[in-house]
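J.: Quick one: the structure is below, and I'll ask about it shortly.
The values are calculated or read from the model by the stated rules, or taken from the named source; none is laboratory data. The structure displayed is predicted, hence computed values, not measured ones. Because the Cβ atoms are built from the backbone with ideal geometry, glycine has one as well, and the counts that use them run over all protein chains shown. We work out accessible area using only protein heavy atoms, side chains counted, and drop any ligands, DNA or RNA first. Shrake-Rupley method; radii C 1.70, N 1.55, O 1.52, S 1.80 Å.
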Amino acid sequence: MGQFQGFYPRIGETMALAIFDLDNTLLDGDSDHAWGEFLCHKGVVDPDEYRLANDRFYQLYKEGKLDILEFLSFALKPLSEHSLDLLSQWHAEFMQEVVEPMMLPKAEALLQQHRDDGDKLMIITATNRFVTGPIAQRLNVPVIIATEPEQIDGRYTGRVTDVPCFQDGKVVRLNRWIKENNVSLDGSYFYSDSINDLPLLEGVTHPVTVNPDERLKAIATERNWPILDLR
């Protein structure tokens, strides 16, 4: 795999599923937290109150202690208060001003090398699809499994549909997708930075840690999993 070759040998020419976490893996930052910050800067939400809660949830996430439903109730509420047209306008600004500087050339090179190897690329992320769908498109990754915010009559409701794509929920959502699309996990890769993704890392053929947090780094070292630096 070019500059990344060697951390796992490729056996044969069989297409593999190459799965990537998004935040702090393919991006140099967390798009979910950054969207909250963006809303504060825009004055869409009360900056002091919202930032305090946003930072608290992010810290709980990093500690592996996040109550995902409590967080989603908080994070999806602003979507329910504005039209899709206005939200789309804001998101375009967010992409240009915030997400583009998070792009990592080494991450894009890794994606390209999997493409060159004939692998099927997927992003799987706890961050909701409103935030992450356009980022996946920017990265030219055709499949994204994300937390799904509910829409009724062309507006977000502030609620979530389906299983949140978080911790064990990522495994549930991926296994369903695999069954529906008749795809195998044989030879699969999963790249992540977060201890929250341990259940899925343990479920693929080739777990790879990327700039991992301290808890995940310790596990990767103990289990001899590759540790990549894409920064």
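J.: Where the second residue is open to solvent by less than 70 Å² (accessible area, probe 1.4 Å) and part of a loop (DSSP other than H, G, I, E, B) and the first is closer than 12 Å to residue 196 by Cβ and lies in the range 164-181, which pairs have Cβ atoms under 8 Å and are six or more apart or on separate chains?
T.: 166/66; 169/163; 171/203
J.: So, in the range 195-228, exactly how many residues are touching a residue at least 60 places away in the same chain (Cβ under 8 Å) and under 19 Å from the mean Cα position of the chain (by Cα)?
T.: Total meeting the criteria: 12.
J.: Just give me the residues in the range 178-231 being among the aromatic types (Phe, Trp, Tyr) and open to solvent by 30 Å² or more (accessible area, probe 1.4 Å), in sequence order. Give the derivation first.
T.: From the range 178-231, those among the aromatic types (Phe, Trp, Tyr) are 189-191, 225; that's our starting set.
Passing the criteria: only 225.
J.: Just checking, how many residues over the range 203-231 are under 14 Å from residue 21 (Cα atoms) and among the charged types (D, E, K, R)?
T.: So the count comes out to 1.
J.: Another question, then. Counting just the residues of the range 10-59 that are assigned to a loop (DSSP other than H, G, I, E, B) and of a type in the set (S, T, N, Q), which one comes out surrounded by the most Cβ atoms within 10 Å (Cβ to Cβ)?
T.: Applying the first criterion (assigned to a loop (DSSP other than H, G, I, E, B)) to the range 10-59 yields 10-16, 21-26, 28-30, 43-46.
Imposing the further condition that a residue be of a type in the set (S, T, N, Q) reduces the set to 14, 24-25.
On the way: 14: 11, 24: 22, 25: 26.
So the residue we want is 25.
J.: Confirm whether residue 77 is closer than 19 Å to residue 210 by Cα, touching a strand residue (DSSP E or B) at 6+ places or on another chain (Cβ under 8 Å) and either open to solvent by 40 Å² or more (accessible area, probe 1.4 Å) or not hydrophobic (A, V, I, L, M, F, W, C) (or both). Break it down stepwise before answering.
T.: On the way: closer than 19 Å to residue 210 by Cα: no; touching a strand residue (DSSP E or B) at 6+ places or on another chain (Cβ under 8 Å): yes; either open to solvent by 40 Å² or more (accessible area, probe 1.4 Å) or not hydrophobic (A, V, I, L, M, F, W, C) (or both): yes.
It is false that residue 77 is closer than 19 Å to residue 210 by Cα, touching a strand residue (DSSP E or B) at 6+ places or on another chain (Cβ under 8 Å) and either open to solvent by 40 Å² or more (accessible area, probe 1.4 Å) or not hydrophobic (A, V, I, L, M, F, W, C) (or both).
J.: Can you tell me which residue is nearest to residue 194 (Cα to Cα) among those in the range 117-150 that are at pLDDT 95 or above and open to solvent by 50 Å² or more (accessible area, probe 1.4 Å)?
T.: Among residues in the range 117-150 that are at pLDDT 95 or above and open to solvent by 50 Å² or more (accessible area, probe 1.4 Å), the one nearest to residue 194 (Cα to Cα) is 129.
J.: Can you confirm whether the range 49-65 contains a residue that is more than 14 Å from residue 128 (Cβ to Cβ), in contact (Cβ under 8 Å) with a residue 60 or more places away in the chain and not basic (Lys, Arg)?
T.: yes
J.: Another one. Could you say which residue among 215, 173 is charged (D, E, K, R) and in contact with a Cys (Cβ under 6 Å, 6 or more places away or on another chain)? Explain how you work it out, then say what you get.
T.: Working: 215 fails: in contact with a Cys (Cβ under 6 Å, 6 or more places away or on another chain).
Exactly one residue qualifies, and that residue is 173.
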